[in-house]
Amino acid sequence: MRSHLLNDATAERYRRLVTEGVERVAAKIATTDRPFTGVTVDALSPRIDGIDLDRPLHDTAAVLDELEDVYLRDAVYFHHPRYLAHLNCPVVIPAVLGEAVLSAVNSSLDTWDQSAGGTLIERKLIDWTCARIGLGPAADGVFTSGGTQSNLQALLLAREEAKAENFTDLRIFASEVSHFSVRKSAKLLGLGPDAVVSIPVDRDKRMQTVALARELERCAKGGLVPMAVVATGGTTDFGSIDPLEEIAGLCEQYGVWMHVDAAYGCGLLASLKYRHRIDGIERADSVTVDYHKSFFQPVSSSAVLVRDAATLRHATYHAEYLNPRRMVQERIPNQVDKSLQTTRRFDALKLWMTLRVMGADGIGELFDEVCDLAAEGWRMLAADPRFDVVVQPSLSTLVFRCVPAAVTDPAEIDRANLYARKALFASGDAVVAGTKVAGRHYLKFTLLNPETTTADIAAVLDLIAGHAEQYLGDSLDRAS
Ligand SMILES: *Cc1c(COP(=O)(O)O)cnc(C)c1O
């Protein structure tokens, strides 16, 4: 069994086997003609259930063959230009190379003595991101597992800074279309069930600052403690960006922590054309960025950044065996002092490889392309009588629904759209997402693939309209 350990004696075996795996994935990616096969849970489950984990195959090639059957053949492929569903990006090759390196070396970023250069590389990328945001000279941050963890950590710091006697007095203000991780964080942080005050949005799905001002005032008058305003820099559904400058002004006025959730909109930090759309982000106390959404990085790659490095102390605990207090005086950089995690992947290496090979402009160019594609897609939808489209995109999502001319019953329109999404998924021809707007069912394209063309968008819209018509035809048959 020792031959399976990666070490000096097995380096050749490592090279051969990993290359074999890479060959298979490369062959797969070169030949996927659809984003999905349409496999069902019922079809796939028995194949996986049938495998006895206590009877290993002892043969890597055979295991790769088996993997083809249980995973690779029917996986959902984000690199395909007709995968238009969630906030998943196609990944850039330098980052995938970084992934291969980081898992083989397997540094752990909790302490200097488990990572050395890895810690310094991560710190440099944090500084680079803070500078891109414009957070100022005292800024710092740390890589996280994702936007959810970044939001949790930012709100933990905000809670500690708010210094309330009673956690149940604390209030967080976030728009009605903010990410659900804000509510989840409030619960994890021990706040009360009414902790998150939902602020209405305008027609463009941006937080209404007049309503925010009113709620901040009400909070102060009611003897409650405003803990944080979460401004979303690119909402998950609409890509809408809250009015950051106005929100920053209100946060200053009321002395509230401003968190910007730019999990999605952080791509603008590299943009060559649209950076101004996220202006005001530099006034935040904390920022969430998800490189695995708009920097074309493999999952996971994310960070939380703060204006004042000192606030990260709220996440600092010392253990004699790991990061004793004296190491702070010795100026030994232990990233665990700033992180919610202990053992932690060197995810930063992927971004490092990306920036060193492509440069930030390379990422920005790709992100600009998908923003331009979304703008073009919006024009197509707005001009197409078969569809109703919601907001003009600030980033790269489109929320729309099929509105068949012959149907007026809103519930029937809902069902036709739900059916169209399911039928499309089952066909594997394309994958799209769905959401609700004002209680009605809508469909969503999240465009993060620069290889997707307007012809792809037109073709997928035709498929959707076709499935919706099919549903309505069947529905007529059922009625008669
Ligand atoms: C995706 C997203 C999150 C959560 O990020 P994960 O990386 O999925 O944990 C938070 N906020 C917004 C606005 C998002 O789009």
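The values are calculated or read from the model by the stated rules, or taken from the named source; none is laboratory data. What you see is a predicted model, and the numbers here were worked out from it, not measured in a lab. Virtual Cβ from ideal backbone geometry, glycine too; neighbours counted across all protein chains shown. Protein only, heavy atoms only, side chains kept; ligands, DNA and RNA dropped before computing areas. Shrake-Rupley method; radii C 1.70, N 1.55, O 1.52, S 1.80 Å.
A compact table of results
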| quantity | calculated |
| --- | --- |
| Conditions (1) more than 16 Å from the ligand (Cβ to nearest atom); (2) open to solvent by 40 Å² or more (accessible area, probe 1.4 Å); (3) not in a helix (DSSP H, G or I): number failed by residue 319 | (2) |
| In region 247-266, the residues that are farther than 17 Å from residue 435 by Cβ, small (Gly, Ala, Ser) and either out of contact with any Ser or Thr (no Cβ under 7 Å at 6 or more places or on another chain) or assigned to a loop (DSSP other than H, G, I, E, B) (or both) | 248, 249, 255, 265 |
| Residues that are open to solvent by 10 Å² or more (accessible area, probe 1.4 Å) and assigned to a loop (DSSP other than H, G, I, E, B), drawn from region 267-290 | 271, 272, 273, 274, 279, 285 |
| Residues within region 373-407 that are free of Cβ contacts under 8 Å to residues at least 24 places away in the same chain and under 17 Å from residue 449 (Cα atoms), tallied | 2 |
| Which numbered condition residue 257 misses (of (1) open to solvent by 10 Å² or more (accessible area, probe 1.4 Å); (2) within 16 Å of the ligand (Cβ to nearest atom)) | (2) |
| Pairs with Cβ under 7 Å, 6+ apart, first in region 94-115 and within 25 Å of residue 323 (Cα to Cα), second assigned to a helix (DSSP H, G or I) and among the small types (Gly, Ala, Ser) | 107/118; 109/118 |
| Residue that is of a type in the set (Gly, Ala, Ser) and over 18 Å from residue 143 (Cα atoms), where the choices are 286, 339, 271, 301 | 271 |
| Residue within region 226-246 that is under 27 Å from residue 437 (Cβ atoms), away from the ligand (no atom under 15 Å from the Cβ) and either open to solvent by 20 Å² or more (accessible area, probe 1.4 Å) or in contact with an Asp or Glu (Cβ under 7 Å, 6 or more places away or on another chain) (or both) present | yes |
| Sole exception among (1) away from the ligand (no atom under 14 Å from the Cβ); (2) within 22 Å of residue 135 (Cβ to Cβ) for residue 197, by number | (2) |
| Filtered residues of region 158-187 (kept if more than 16 Å from the ligand (Cβ to nearest atom) and small (Gly, Ala, Ser)) | 162, 164 |
| Checking residue 190 against (1) buried (at least 23 other Cβ atoms within 10 Å of the Cβ); (2) more than 16 Å from the ligand (Cβ to nearest atom); (3) small (Gly, Ala, Ser), the condition it does not meet | (1) |
| Selected residue [in contact (Cβ under 8 Å) with a residue 40 or more places away in the chain, over 18 Å from residue 311 (Cα atoms) and surrounded by fewer than 21 Cβ atoms within 10 Å (Cβ to Cβ)] from 183, 218, 132, 214 | 132 |
| Any helices (runs of 4 or more DSSP H) falling wholly within region 1-106 and containing at least 2 residues that are open to solvent by 70 Å² or more (accessible area, probe 1.4 Å) and charged (D, E, K, R) | 11-31, 41-49 |
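Residue by residue, here is whether (1) part of a helix (DSSP H, G or I); (2) under 22 Å from residue 36 (Cβ atoms); (3) aliphatic (A, V, I, L, M) holds:
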| site | (1), (2), (3) |
| --- | --- |
| 393 | no, no, no |
| 400 | no, yes, no |
| 451 | no, yes, no |
| 470 | yes, yes, no |
